[in-house]
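Structure first, commentary second.
The values are calculated or read from the model by the stated rules, or taken from the named source; none is laboratory data. Remember, predicted model here, so these are calculated numbers, not experimental data. We place every Cβ from the backbone using ideal geometry, glycine too, and count neighbours over all the protein chains shown.
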Amino acid sequence: MADYYPPVSFHFKVEVLGLPPNSHDVRFTEVSGLSVEMGTEEVAEGGENRFLQKYPTGARYPELVLKRGLLVNSEVVNWVRECIEDYRIQPMNIDITLLNEQHQPLVTWHLVNAYPTRWSVSDLNSSNNAVSIETLQLFYQYFTMDRS
């Protein structure tokens, strides 16, 4: 029986579908917010106030957070600026792909109808020897997952 080793979490790419391809725009250092949970509603049980019933209300997805070194001339940032500053919100689908050693997809998460809700850059500090990090926060409706 062959040994199984879980994939590494640092070899991935992020693609905003519908934007012109740019090899630098797929490179992020961190992705968070890929999760789903069942929403519930609590209802007090009638006549017996000691108990609460929990009823499912549907799936909930947190906002996606992407981090990377500050990128000049980024199509992704241009899209973010159009949505937030010009209020021309254009939802896009986003693919986040975990890659193997040969750069082939292992798992792809397809995020549907994502749009930016926040953009920020790390503090500028002349006494600190650090890279400028930009953070993008995005809302999305849901995701599906493909496993290779």
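Observations on the model:
- Looking across the stretch 58-78, the residues that are free of Cβ contacts under 8 Å to residues at least 60 places away in the same chain and part of a helix (DSSP H, G or I) come down to Glu75, Val77, Asn78.
Here's the yes/no breakdown for (1) on the phi > 0 side of the Ramachandran plot; (2) surrounded by 12 or more Cβ atoms within 10 Å (Cβ to Cβ); (3) polar (S, T, N, Q); (4) touching a Leu at 6+ places or on another chain (Cβ under 6 Å):
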site: Pro21; (1), (2), (3), (4): no, no, no, no
site: Glu37; (1), (2), (3), (4): no, no, no, no
site: Glu48; (1), (2), (3), (4): no, no, no, no
site: Leu71; (1), (2), (3), (4): no, yes, no, no
site: Glu75; (1), (2), (3), (4): no, yes, no, yes
site: Val107; (1), (2), (3), (4): no, yes, no, yes
site: Ser120; (1), (2), (3), (4): no, no, yes, no
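- Residue in the stretch 24-54 that is nearest to Val76 (Cα to Cα), counting only those that are aliphatic (A, V, I, L, M) and without any contact (Cβ under 8 Å) to a residue 40 or more places away in the chain: Val26
- When the stretch 14-44 is filtered for residues that are of a type in the set (D, E, K, R) and either assigned to a loop (DSSP other than H, G, I, E, B) or in contact with a Gly (Cβ under 7 Å, 6 or more places away or on another chain) (or both), the ones remaining, listed by number, are Asp25, Arg27.
- Count of the stretch 15-51 residues which are farther than 30 Å from Asp123 by Cβ and either at pLDDT below 90 or basic (Lys, Arg) (or both): 11
- Test: residue in the stretch 85-97 that is without any contact (Cβ under 8 Å) to a residue 24 or more places away in the chain, over 21 Å from Leu138 (Cβ atoms) and not hydroxyl-bearing (Ser, Thr, Tyr): no
- Residue check for Tyr87: loosely packed, with under 15 Cβ neighbours inside 10 Å, of a type in the set (Phe, Trp, Tyr) and out of contact with any Asp or Glu (no Cβ under 8 Å at 6 or more places or on another chain): yes
- Criterion: basic (Lys, Arg), in a loop (DSSP other than H, G, I, E, B) and at pLDDT 90 or above - qualifying residue of Arg118, Arg81, Arg88: Arg88
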